Every structure is written in C-alpha cells, then in structure tokens.
Amino acid sequence: MNQVDLKTLAVELQSLGVRTVDERPREEVRSGGAGPSDAGFLWIDDTPLTVPVNGDYVGRSPYELVMHSSGRFGELTRNGEEVGRVRIHPRPKIYDLETEDGVPYWKIGLMHLDSLASTVMQHCVYWGTHEQCHFCAIGTTLLNGRTIAVKTPERLAEVAAAAKRLDGAKDVTLTTGSPNRVDRGADYMTRVAAAIREAADLPVQVQIEPPDDLGWFGRMKDAGVEALGLHLEVWDEEVLARVAPGKHAQGRDYYLTAWERAVDVFGPGQVSTYFILGLGEDKQSVLDGCRAAIDRGVYPFVVPLRPAPGAITQTATPPSVEYVREVYEAVAPLLADAKLMSQNARAGCVRCQACSALSTFEQAFGNERNNDPEPTPLVGPAAA
C-alpha cells in the first residue's frame with residue numbers, strides 16, 4: 001500500500017467529518033461550545049487532528065472510523081476501502097476525577113490532546129439576540145448538562161494542576177462568552193489565569209473580544225498569560241455584519257488596533273485570530289485578512305466551518321475540500337516569509353493546531369513541530 005497524501009487526508013477529514021462507530025464514553029467528544037466542537041481527537045502519523053463526528057453533513061462523509069474501547073487504534077476507511085490505522089488519543093485520566101462538591105473535572109475543562117481547554121463563562125451578551133454569532137453554539141452546552149455556567153479560578157486551577165500531573169498537559173486554553181460590553185470578561189479571565197499559573201505553572205492562552213481598555217493586555221501579561229486570541233473570524237465586512245453582527249458592531253478597525261497593541265505586549269506569533277472558511281466569504285478576502293494579521297505579527301488560525309448542532313449554521317454545508325486546500329496553500333508561504341510559524345507558539349490553539357490542517361502545509365517550509373511521542377505510520381491508497 002502507498003503512503004497517504006497527508007495534506008489531502010487532513011483537509012478532507014476536517015471538511016467532511018468522519019462517521020464513527022464509537023465505543024468510548026461520551027465526554028471524550030466535545031459537544032457544543034464556543035469554538036470548534038462535536039469533534040473526536042486522533043493522530044495520523046505524527047499529526048494531531050480534531051475531526052467532526054456530529055452534524056447532518058457528517059452522515060454524508062465518505063470516511064468511517066471504527067474505534068474500539070479495548071485499544072488505542074481505529075480503522076479508517078473511505079467509501080468502504082481501507083485507508084489505514086489511526087491512533088486514538090487516550091482517555092484523559094482527569095475525566096475520572098471530580099471536585100469535593102461532586103463536579104466532574106470534564107465539566108470544568110477538557111483535554112484537547114495535550115492542552116487543557118475550558119470555556120470559562122458560558123454566558124454571552126450576544127446569545128439569543130440579533131447579534132448572535134451564527135457559527136457559535138455556546139448556549140447549547142448548559143442545556144445538555146455538559147458543563148457549569150461559570151468556572152471559578154480555584155476549580156480551574158485544581159483541574160489544571162491535575163491535568164499537568166496526570167495527563168501531561170503542556171498548556172491551558174481559556175475562552176469565554178462575552179459577559180458584558182465593557183471589559184468583555186478580561187478582569188475575570190485574568191484572575192483565572194493567575195490562579196492557574198500559581199497552581200500548575202502552565203502557559204496560558206486567553207481568548208476574548210477586545211476590551212474597551214486595551215491596558216488589560218499588560219495586566220494579563222503580568223498575571224502570567226503568555227498568548228492571546230482576538231478572533232475576528234471573518235475579514236469581509238458584509239459577511240461579518242451578517243454572521244457576527246456583535247463583532248461587526250465593535251468594528252474591524254478596533255480589532256486591528258487591538259491586534260497591534262496585543263503584539264506589543266505578547267510578541268509576534270503569540271497573538272492569534274481565527275478565520276472561518278465557508279461563511280460566504282471569498283478566497284481573496286480571506287487572504288487579505290490573513291495578510292493584515294501577519295503584517296501585524298498576528299497568526300491567522302484558519303479553519304473550515306463546522307456546523308455545530310444548536311448554532312444558526314447547524315444546517316449549513318462546510319466549504320469544499322478544494323477551497324480549503326487552496327487557502328492553506330496560499331497562507332502557509334505567507335507565514336513562512338514572516339517567520340510566523342505555529343511551532344513557535346507558547347500556548348493555545350496555534351500551539352495545538354489540531355483544529356486546522358494549516359500546520360500540515362507549513363511543514364513544507366520547515367515547521368518540524370511534533371508533539372506526538374508515539375507516531376503511528378498510516379499507509380493506504382491516496383485519498384482522492
């Protein structure tokens with residue numbers, strides 16, 4: 001059997017999803033939430049991927065993965081033909097623990113491979129209003145009983161310390177709904193980050209909307225935050241106004257100002273922004289946005305739309321594999337030219353990279369990051 005075209009396989013799996021025969025406990029699949037969700041975690045060779053496993057579109061995927069509770073491997077097929085064996089990330093040990101008052105650790109934070117991630121506050125001022133972000137499903141997680149409304153600094157510090165000790169966590173990613181229109185949660189997130197650094201001494205990325213006072217960035221840095229996510233999601237102004245009206249009201253120009261100030265504080269490559277493909281934008285607008293970010297020292301974390309149950313876009317169709325690949329192929333050399341590679345990120349989504357195949361395309365330009373201690377060769381016919 002021939003070696004798989006990893007770039008094609010990664011893009012196809014993340015754009016099309018994979019049908020699963022999954023015997024693992026349900027908490028190992030992230031459902032709902034503010035970011036990429038309803039995904040399973042797996043390794044292909046030394047490349048980590050989060051792959052959509054829910055949603056109507058996944059049922060039409062040519063890929064199927066049979067995962068067995070008795071082992072760490074699964075068999076991946078495409079249209080019934082064997083692609084090869086993939087390694088399933090092991091069940092985190094912290095998922096068997098709970099706080100003194102009986103809250104399971106997995107309701108406080110989830111392991112995204114070797115990164116502990118948590119949506120700190122489930123409330124967002126946009127949710128359920130005309131300003132709601134169309135791609136977000138943050139309001140569904142509480143309804144299905146899979147989280148708690150607010151994670152305290154003490155609880156998150158406890159879980160982070162356990163994740164480092166038991167599961168080898170290397171960093172912590174903290175996101176949140178925007179609880180207000182002033183500091184956008186900066187004060188609370190700073191206190192959480194400080195508690196985590198004291199208890200676990202792990203690098204922390206905070207993801208928030210730009211606060212009204214950009215001086216918060218310096219205070220976050222002083223509290224131990226090492227990376228910041230300021231996610232615009234869409235560069236095209238018309239599309240942004242339609243799919244993220246709350247963010248559009250804050251203003252793209254304010255994001256640009258915030259990016260620049262944040263890079264002054266955290267350094268190039270330690271500030272990032274999501275760009276979501278498949279919301280009605282065109283390729284040129286994505287590249288314009290990526291260039292604007294890169295020129296300011298901001299890493300553009302490009303991902304395909306994952307229509308999550310509970311989001312306004314839940315019945316949408318993800319972008320085509322060809323479109324996603326074209327964008328990755330255009331963005332990777334821009335990152336290389338700017339020496340803004342994901343392997344240099346200290347914390348957060350850019351360091352993990354599992355929700356985007358962009359780092360797979362970076363490898364052609366010298367990104368040799370490998371955070372998998374046990375690479376498993378994947379062989380089989382090339383994915384068409």
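The values are calculated or read from the model by the stated rules, or taken from the named source; none is laboratory data. Remember, predicted model here, so these are calculated numbers, not experimental data. When we count neighbours, we look across all protein chains shown, and the Cβ atoms used for this are built from the backbone with ideal geometry, even at glycine.
Would you confirm whether or not the range 126-149 contains a residue that is in contact with a Ser or Thr (Cβ under 9 Å, 6 or more places away or on another chain), without any contact (Cβ under 8 Å) to a residue 60 or more places away in the chain and of a type in the set (D, E, K, R)?
The answer is no; no qualifying residue exists.
Could you check Pro268 against (1) in a loop (DSSP other than H, G, I, E, B); (2) buried (at least 19 other Cβ atoms within 10 Å of the Cβ); (3) at pLDDT 95 or above and say which number it fails?
Only one criterion in (1) in a loop (DSSP other than H, G, I, E, B); (2) buried (at least 19 other Cβ atoms within 10 Å of the Cβ); (3) at pLDDT 95 or above is unmet by Pro268, namely (2).
Let's see how each residue does on (1) part of a helix (DSSP H, G or I); (2) within 22 Å of the chain's Cα centre (by Cα):
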{"site": "Arg184", "(1), (2)": "no, yes"}
{"site": "Met189", "(1), (2)": "yes, yes"}
{"site": "Ala193", "(1), (2)": "yes, yes"}
{"site": "Ile196", "(1), (2)": "yes, yes"}
{"site": "Ala199", "(1), (2)": "yes, no"}
{"site": "His248", "(1), (2)": "yes, yes"}
{"site": "Tyr255", "(1), (2)": "yes, yes"}
{"site": "Ala258", "(1), (2)": "yes, yes"}
{"site": "Arg261", "(1), (2)": "yes, no"}
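Looking only at the range 56-65, decide whether some residue is farther than 30 Å from Leu232 by Cβ, crowded, with 18+ Cβ neighbours inside 10 Å and at pLDDT 90 or above.
Yes, the range 56-65 contains at least one residue that is farther than 30 Å from Leu232 by Cβ, crowded, with 18+ Cβ neighbours inside 10 Å and at pLDDT 90 or above.
Read through the list (1) crowded, with 18+ Cβ neighbours inside 10 Å; (2) out of contact with any helix residue (DSSP H, G or I) (no Cβ under 7 Å at 6 or more places or on another chain); (3) under 27 Å from Phe275 (Cα atoms); (4) touching a residue at least 40 places away in the same chain (Cβ under 8 Å), then give the number of the only condition that Arg155 fails.
Failing condition for Arg155: (3).
Being of a type in the set (Phe, Trp, Tyr), under 30 Å from Thr313 (Cα atoms), at pLDDT below 95 and crowded, with 20+ Cβ neighbours inside 10 Å narrows it down to one residue among Trp106, Trp43; which is it?
Trp43
Looking only at the range 8-27, count how many residues are outside any helix (DSSP H, G or I) and either buried (at least 24 other Cβ atoms within 10 Å of the Cβ) or at pLDDT 90 or above (or both).
3
Collect the residues in the range 105-122 that are closer than 12 Å to Ile196 by Cβ and outside any strand (DSSP E or B), keeping them in residue-number order.
Scanning the range 105-122 gives Ile108, Gly109, Val120.
Could you list all residues from the range 315-337 that are assigned to a loop (DSSP other than H, G, I, E, B) and crowded, with 17+ Cβ neighbours inside 10 Å?
Ala316, Pro318, Pro319
Taking the range 123-149 on its own, how many of its residues are touching a strand residue (DSSP E or B) at 6+ places or on another chain (Cβ under 7 Å) and part of a helix (DSSP H, G or I)?
The total comes to 1.
Here's the yes/no breakdown for (1) within 20 Å of Ser118 (Cα to Cα); (2) β-branched (Val, Ile, Thr); (3) touching a Leu at 6+ places or on another chain (Cβ under 8 Å):
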position	(1), (2), (3)
Val192	yes, yes, yes
Arg197	yes, no, no
Val204	yes, yes, yes
Ile208	yes, yes, yes
Asp212	no, no, no
Val225	yes, yes, no
Ala241	no, no, no
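Does Ala244 count as closer than 24 Å to Pro304 by Cβ, modelled with pLDDT of 95 or more and buried (at least 18 other Cβ atoms within 10 Å of the Cβ)?
yes
Can you pull out the residues in the range 28-40 that are modelled with pLDDT under 55 and not in a helix (DSSP H, G or I)?
Selection gives Val29, Arg30, Ser31, Gly32, Gly33, Ala34, Gly35, Pro36, Ser37.
Testing Ser285 on (1) out of contact with any His (no Cβ under 8 Å at 6 or more places or on another chain); (2) hydroxyl-bearing (Ser, Thr, Tyr); (3) within 24 Å of Thr173 (Cβ to Cβ), one condition comes back false. Which one is that?
(3)
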